[in-house]
Amino acid sequence: MPIRETTQASTGTTDLLRVEDLKVLYGDFVAVEHASFSVRTGECVAVIGPNGNGKSSLALALAGFVSHLGKVQFGGVLVPPRRPAWMVGHGLSLVPERRQLFPSMAVIDNILLGCYGWTKNLRKARASEAFAEALELFPELKPRLSQSAGTLSGGQQQMVALARGLAAAPKILITDEPCLGLAEIVARRVYEAIKQLNDQGRTILLVEENPLRALEICHRALRVERGVVEEAPDADVLEQAANVTARPERSTS
Amino acid sequence: MTVFGDLLLAGISSGAIYAVFALCLTMLFRTSALLNLAVGDFAMLGALGVDFFTRVDHWPLAGAIAFDLVLVGLFAFLYDLAVLRTALEGSRAREAILVVFFFTFSLSLFIEGVSQHLFGTDVHSAPALWSGPALTFWGLYMQRPAVILLALAILTGLGFAGYLRFSLIGKAMVASGDNGFGASIVGVKQTSFRRWMFVAMAVLAAIFGIVESPITGYVFNSGGQLSLLGLIAAAFAGFTKPARAVAAGLTIGIAEAMLGGYVSSQYQDTLLFAVLVAVILFRPQILGAASPMAGDQPAVGGRASRRHRPPVEPRAANGLLASVARRIVNEGGPVTLAVAVTLVVLAALLRLNGNYNDSILVLAVCFAFAILGMVVQIGHSNQLAFHQSVFMMVGAYGVGVLNTKYQVPVIVAVFIMVAGAAVVGMLIGSFATRVSGFALALATLFFSVIASGYVVFAGYFGQATGITSIGSIWSGPSYVSTLERSGAVAVVLLGLCIYGCARILRSGVGLELSLLGENEPMAASLGINTRRRKLEVFVLSAALAALGGGVFAGTQTLVSPSNFDQTAELTLLIMLFVGGRATLIGGLVGTGVIEYLQLGNGFISSHVLLVEGVLFTLILLYAPEGLMGVLRRIVVNLSRATSQRARHRPLSSVGLSVAVAGAGATDGGHAGRLGEARFQPVPGRTTGAPSLPAAAARPTGPAPSAAGKDDITLACRGVTKRFGGVIAVNEVSLTVRGLGVHALCGPNGAGKSTLFELICGGLRADDGEVSLLGRDVTRTPAFARAQLGVARTLQAVRLMNSRSVLDNVAVAAVPSHQTFLTHALFRSDLKVAYERAWETVSQLGLAPVASQSVGELTLEVQRMTELARALVTRPRILLLDEPASGLSASQRGRLAELLVHLGEQMTVVLVEHDLQMVSDIAKEIFVLLDGRLEFQGDASQFANSQLVRTELMGLMANEALEATSEGGTT
């Protein structure tokens, strides 16, 4: 299994995103606690952990959708809480779980709206580099650009969601469960695209339930379990652990 | 031909008005899912303002228009800032449907109140912008303002359509209507869209009003009608496209003119609205995905629904005051409440004998009947429908006709009409309850327009005068006036109705209704026939309203259409919300308060619209539970303050840990004090007979008829479900035989939960068949499947958060979901339900937290509550969606033991990610990948399967990681 090395060449030395003692709250309910980590420019970092443990809450909080306590610095600036538009405008783009496309709108409009974070001008958006790049990410979408997004298959919708996220010209792209419910072959394609984006120097935070798959393309992983975030062990340990599990018996206590 | 041409032009002229208001409504709804029912009032404000500045202050026309528009815009902006912002954002965010209807309702009242004060009650109009004789086209006439209006409507419609299509901001507006959460993902600030669109549409409406007013002329309260006409046109455009809204408005105008010309000029509005309502009821899909209730947004929307306040039980309250207050706010029992209200009102009536205020009191009593029905239907079951004033009218006119034309005694006529209203309510309700939420509210909104529009012109019903010299209910002793005598009868009847409604609310059916109000699909999945319950409350509120109407006729001795028009419906709603919609006493108090405000003397009654508007807005914003809710809060705080010792109960980690901990190490004190048996599985499931939860053991139920060990309990054949282009479940065929634990595995999004929904009936399969316990249930609704013996829990816990653990379980423990609503009058079933619930709750170890509201408890306890709720129905098939997620490894171990025990009694099917647990306890395992069933076999085949190893490796790695981290920490 290919494990990618973090090299000085691919990642910068500055922290693009720095999180200190983050606590994510839904009303009184604490979804994530004591999260401290940072992501450097150019890195691809996975957020792993079992279902329902707070991974998506972390992603949503970073994108400004859920109220949080603690310090979140993005590009050296302290971010205001609960301001999604501010986050997009400053270069943090979320590709949410279950995609959240605009089902009755054309695919091309879906992608164009990705540009809304940095421009309100349609002509400017159409002519922009970010939009062109987003369109090129998945050439297989080209014949379907005028189709409405709701009629696409799950895999194609995921591609549109990624393209939309990319059209925001993000400094960091957070993708939440990009392979949710996708056939293996489609999931590979999506992963390939994410890896390609990272290879081009884009910083990625990838939320993924499956740690092995995540580590195929990520440099390192953060593990969220029951709301607690910690640095995950490196890939060798994970792989070994997985092999251990495959045996019929296991003692937990 | 010229007749046709004239009608066409007339239709286009009036259609232009509908079109412009439809346009305003659509554009706002498109961007913010908000209906501005005050849009007509903004138009009126525009016209009357310009008229005022030019006529009274002699300003030049242009200056007057400009200044007036600025004022309207400023007012709209301030309203948004002061009210809508608070209502829609932040922690005070209100339920969508409330915001959609009631805030702008009350705004409309407020504006009408203000303009009544400023502009008086005469008809005025702004000066015509283009004066002169009517234009002629091919021998047909059209007034000049109508031409401007038409041109304006078409131009703005096309302009908006173009803007939405050809600008990025326009596209973003469309997007936020399509998927609000998705729109904020790309950086759309929906709040500023809402604000500017609200202001822009108010100004636009004012412009339209200025242009249109020379044709029809406006009074201070003509706004409401205009808004309604626009609303219906917008509804037919599905609230989506501006061009379509204009077209719909014009079509409706033409249809109206044609109906008027060729069918009946008097009943044209009635006919038109009747047709439109029928269309909404039979084709609710025309409202489209735009319905604000359709968007089931994730929690990030922050629009938490906290409708029910927890039932308040101020503990250790000291002092007489506190205890009396507590009795009042907690309503007491049905008998106490009914007797208390009857006595108080009777005493007041006799005391006031002959005083002016007694007529107010009697009127309040008449409305109170309808309010009782509304408390049950709107407040308790959350079924927003606006048909009560119509049924009051049915009752009142029925009694009037029967008494004056057929000499039937009033009291007999009243009961005839109640029965009649129940039958009519059943007929109408069986259509109306096909839809719910937004469509139901919208369709019934026009009932009163239709009915009063008909009655005003019907000679049989005395046209606008109505029916006079109706007899009284009771002509008894003469030492009190007639009003008091009939009033006394009315009060006694009211007492009986209060008793009945209180019985219903405090019965098993009442519990079912509150779950129905909270979450309809969930209610259905617990075996509650939601459609029937909805119909029953519809009929109940119709019959009560008719009774109120009948009593009205029998006490006032005259009825006229204006008693029961849209204003009356609105008054009823204000009464309900101001008093407090969730409790009977709240509704009754509201009725008294509003009736007094409207008819009392002095400043308030002469400015009643204004006062009501402000009061309604404040209530919606700051005390959605109404005046009685406020009182209740005060009492609670009071008794908290006076109580000497604060009883503090640790909430932290009771629950599963308590439930299945072997020795009573945790929180043993509570359990011991409550003296309840606790479920303690014997360590190591191979040894001895386990002490099963009795609910699971089915002690009283019939022996499982699926006696054969390997009978098929659950089968799917070629089941397929598509969502748009996504195939979530793809030709899955699987068979589950006999008892025991069966597991469904697969990565996230593989279609496991969808398959569960297909089995339970929450979703219907596009293709294939589902059978349960040998019966084909492919077309069976969810509640009937539940009654067959299928229970389930959901991955995301869905409980009534403000209710206690016991309440939540008791809902499912109601002995029979088949009883009629009226059954509740005679037997409450509540005792049985709570006993059963208590049994299960205590056996699952939840006894210590049984009276706490679920929202305060930990996830584990909530999970156990949900499990208890499923078990209390004594299911034969138990479907569990990820029961272990979020639990620690040791908790999972105990859960696994519990599941194995349950598996000896029933078929357990669980969706699970913990593969170790699955292979430990499941006798058969199914693996779903990308919507297809890819593996089926027992644990050893599962362990050796190559497919499982490769496909589910990720899940395994997660477990392994967890094992290492747990090993590390302990």
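Below are the figures for this structure:
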read-out	value
Residues located in the stretch A:84-116, provided they are more than 7 Å from chain B (Cβ to nearest Cβ), surrounded by fewer than 24 Cβ atoms within 10 Å (Cβ to Cβ) and in a loop (DSSP other than H, G, I, E, B)	A:H90, A:G91, A:E97, A:R98
Selection count where residues are within 14 Å of chain B (Cβ to nearest Cβ) and of a type in the set (F, W, Y), scope the stretch A:130-159	1
Of residues in the stretch A:213-253 being touching an Asp or Glu at 6+ places or on another chain (Cβ under 7 Å) and at pLDDT 80 or above, the one farthest from the other protein chains (Cβ to nearest Cβ)	A:H219
Hits in the stretch B:712-731 (condition: open to solvent by 30 Å² or more (accessible area, probe 1.4 Å), of a type outside the set (A, V, I, L, M, F, W, C) and closer than 14 Å to B:I759 by Cβ)	B:R717
Conditions (1) open to solvent by 40 Å² or more (accessible area, probe 1.4 Å); (2) farther than 18 Å from B:G5 by Cα; (3) at pLDDT below 85: number failed by B:G261	(2)
Any helices (runs of 4 or more DSSP H) falling wholly within the stretch B:737-839 and containing at least 1 residues that are closer than 25 Å to B:A922 by Cβ, open to solvent by 20 Å² or more (accessible area, probe 1.4 Å) and among the β-branched types (V, I, T)	B:752-760
Segments classed as helices (runs of 4 or more DSSP H), wholly inside the stretch B:508-619, with at least 1 members that are buried (at least 21 other Cβ atoms within 10 Å of the Cβ) and within 23 Å of the chain's Cα centre (by Cα)	B:508-518, B:520-525, B:530-556, B:566-579, B:584-599
Given (1) within 30 Å of A:K124 (Cβ to Cβ); (2) buried (at least 24 other Cβ atoms within 10 Å of the Cβ), index of the condition A:A193 fails	(2)
Wholly within the stretch B:132-246, helices (runs of 4 or more DSSP H) carrying at least 3 residues that are modelled with pLDDT of 90 or more and not hydroxyl-bearing (S, T, Y)	B:144-166, B:168-178, B:180-185, B:190-216
Elements of type strands (runs of 3 or more DSSP E) contained in the stretch A:1-65, each with 3 or more residues being modelled with pLDDT of 90 or more and β-branched (V, I, T)	none
Cβ pairs under 6 Å, 6+ apart, first in the stretch A:97-113 and within 19 Å of A:L137 (Cα to Cα), second in a loop (DSSP other than H, G, I, E, B) and at pLDDT 90 or above	A:A106/A:S146; A:V107/A:L145; A:V107/A:Q147; A:I108/A:L145; A:N110/A:L101; A:N110/A:F102; A:L113/B:V186
Residue pairs meeting the criteria (Cβ under 8 Å; at least 6 apart or on separate chains; first within 9 Å of chain A (Cβ to nearest Cβ), in the stretch B:718-731; second in a strand (DSSP E or B))	B:I727/B:T720; B:I727/B:K721; B:A728/B:K721; B:A728/B:R722
Selection count where residues are closer than 19 Å to B:V100 by Cβ and open to solvent by 10 Å² or more (accessible area, probe 1.4 Å), scope the stretch B:40-80	1
One residue from B:I473, B:I467 being in contact with a strand residue (DSSP E or B) (Cβ under 9 Å, 6 or more places away or on another chain) and closer than 19 Å to B:L558 by Cβ	B:I467
Among residues of the stretch A:117-173, those that are touching a Phe, Trp or Tyr at 6+ places or on another chain (Cβ under 9 Å), in a loop (DSSP other than H, G, I, E, B) and open to solvent by less than 20 Å² (accessible area, probe 1.4 Å), counted	2
Subset of the stretch B:902-944 (residues that are open to solvent by less than 40 Å² (accessible area, probe 1.4 Å) and in contact with a Phe, Trp or Tyr (Cβ under 6 Å, 6 or more places away or on another chain))	B:S919, B:I925, B:V927
Every residue from the stretch B:170-184 that is open to solvent by less than 10 Å² (accessible area, probe 1.4 Å) and facing chain A (nearest Cβ under 7 Å)	B:A172, B:A175, B:G182
Condition met for B:L164 (within 11 Å of chain A (Cβ to nearest Cβ) and either over 27 Å from the mean Cα position of the chain (by Cα) or within 26 Å of B:G253 (Cβ to Cβ) (or both))	yes
Close pairs from the stretch B:834-859: first under 18 Å from B:S802 (Cα atoms), partner hydroxyl-bearing (S, T, Y) and open to solvent by 50 Å² or more (accessible area, probe 1.4 Å), Cβ under 8 Å, at least 6 apart	B:T858/B:S652; B:T858/B:S653
Residue check, B:F391 in contact with a Cys (Cβ under 7 Å, 6 or more places away or on another chain), assigned by TED's automatic domain parsing to the domain that holds B:G548 and either acidic (D, E) or modelled with pLDDT of 90 or more (or both)	no
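Listed here are the residues, each with its yes/no results for (1) in the same structural domain as B:F103 (by TED's automatic domain parsing); (2) of a type in the set (A, V, I, L, M); (3) in contact with a strand residue (DSSP E or B) (Cβ under 6 Å, 6 or more places away or on another chain); (4) open to solvent by 20 Å² or more (accessible area, probe 1.4 Å).
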| position | (1), (2), (3), (4) |
| --- | --- |
| B:L168 | yes, yes, no, no |
| B:V186 | yes, yes, no, no |
| B:Q190 | yes, no, no, yes |
| B:F198 | yes, no, no, no |
| B:V203 | yes, yes, no, yes |
| B:P214 | yes, no, no, yes |
| B:N221 | yes, no, no, yes |
| B:A233 | yes, yes, no, no |
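The values are calculated or read from the model by the stated rules, or taken from the named source; none is laboratory data. Only a predicted model underlies this, so the values are computations on that prediction, with no experimental measurement involved. Cβ atoms come from the backbone with ideal geometry, glycine included; neighbour counts cover every protein chain shown. Just so you know, the surface numbers come from the protein's heavy atoms only, side chains and all, with ligands and any DNA or RNA stripped out. Shrake-Rupley method; radii C 1.70, N 1.55, O 1.52, S 1.80 Å.
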